[in-house]
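**Student:** Before I ask anything, here is the structure I am working with.
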Amino acid sequence: MLIILLRVLGSLIILNIIASFIASYILYDNSDLYELKGLNEFLDWEKIENAVVIHASFDPLSGKLEKKYPNINFTVCDIYGNRHEHESGIEVSKKMFPPNPKEIRISPDSLPFESESQDMILAVTALHEILDHHKRVLFFKEAKRILKKGGGLSYLSSLGMLPILFFLILELFIF
């Protein structure tokens, strides 16, 4: 009986790992998240002079943006101290998307920019990594401080809540 229970438990663990890989592939690797298609209807890229790209440990976007919009002064920021910073998956991602040479590490509660100096902040799958409520509040206060009048903050996450909800429910049934 104990052997059967251990085999079932082991199978569930393996199934959970496989489901996590599949979810990651669908939500991030196989999505058009980093194409920014939805932003074009809200942004006039020609009017943006300064923009901040914020990510959490790996940056799949800033290089594409710099090539596509060479007239924009992008500052790439890594929120350091996030929970995934030292995971092996992040190391693999950094090999696929090497850090931008201009990247700076920032604390999300103290943005190193002058007041009203930025036209846009693009937070790419990063803000949910600010786990401390107080730091999240300070981040949004700081974002408001550094944005020019009429500037904007865009938080880019994976495919939306429906796929995330699906995979969370799937994991509930697995464990």
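**Student:** Can you tell me which residues in region 129-149 are more than 15 Å from Ile106 (Cα to Cα) and either among the β-branched types (Val, Ile, Thr) or open to solvent by less than 70 Å² (accessible area, probe 1.4 Å) (or both)?
**Tutor:** Within region 129-149, Val137, Leu147, Lys148 qualify.
**Student:** Moving on. Looking at region 50-72 only, could you name the residues that are open to solvent by 80 Å² or more (accessible area, probe 1.4 Å), in a loop (DSSP other than H, G, I, E, B) and closer than 15 Å to Lys102 by Cα?
**Tutor:** Pro70 - this is the single residue of region 50-72 that is open to solvent by 80 Å² or more (accessible area, probe 1.4 Å), in a loop (DSSP other than H, G, I, E, B) and closer than 15 Å to Lys102 by Cα.
**Student:** Now for a separate question. State whether the residues of region 111-120 include one that is farther than 11 Å from Cys77 by Cβ, open to solvent by 80 Å² or more (accessible area, probe 1.4 Å) and at pLDDT 85 or above.
**Tutor:** Yes, the conditions are met somewhere in region 111-120.
**Student:** Just to be sure I understand, how many residues within region 35-49 are open to solvent by 100 Å² or more (accessible area, probe 1.4 Å), part of a helix (DSSP H, G or I) and modelled with pLDDT of 75 or more?
**Tutor:** Qualifying residue count, region 35-49: 2.
**Student:** Here is a further query. Check off (1) modelled with pLDDT of 90 or more; (2) within 30 Å of Val8 (Cβ to Cβ) for Glu87 and give me the number that stays unchecked.
**Tutor:** (1) is the only condition that Glu87 fails.
**Student:** Taking only region 121-147 into account, find how many residues are of a type outside the set (D, E, K, R), assigned to a helix (DSSP H, G or I) and either more than 15 Å from Phe74 (Cβ to Cβ) or in contact with a Gly (Cβ under 8 Å, 6 or more places away or on another chain) (or both).
**Tutor:** 9
The values are calculated or read from the model by the stated rules, or taken from the named source; none is laboratory data. Keep in mind that this is a model prediction, so the values were computed, not measured. In this analysis, Cβ positions are derived from the backbone assuming ideal geometry, glycine residues included, and neighbour counts consider all displayed protein chains. Side chains are part of the model used for accessible areas, which takes the heavy atoms of the whole protein and leaves out ligands, DNA and RNA. Shrake-Rupley method; radii C 1.70, N 1.55, O 1.52, S 1.80 Å.
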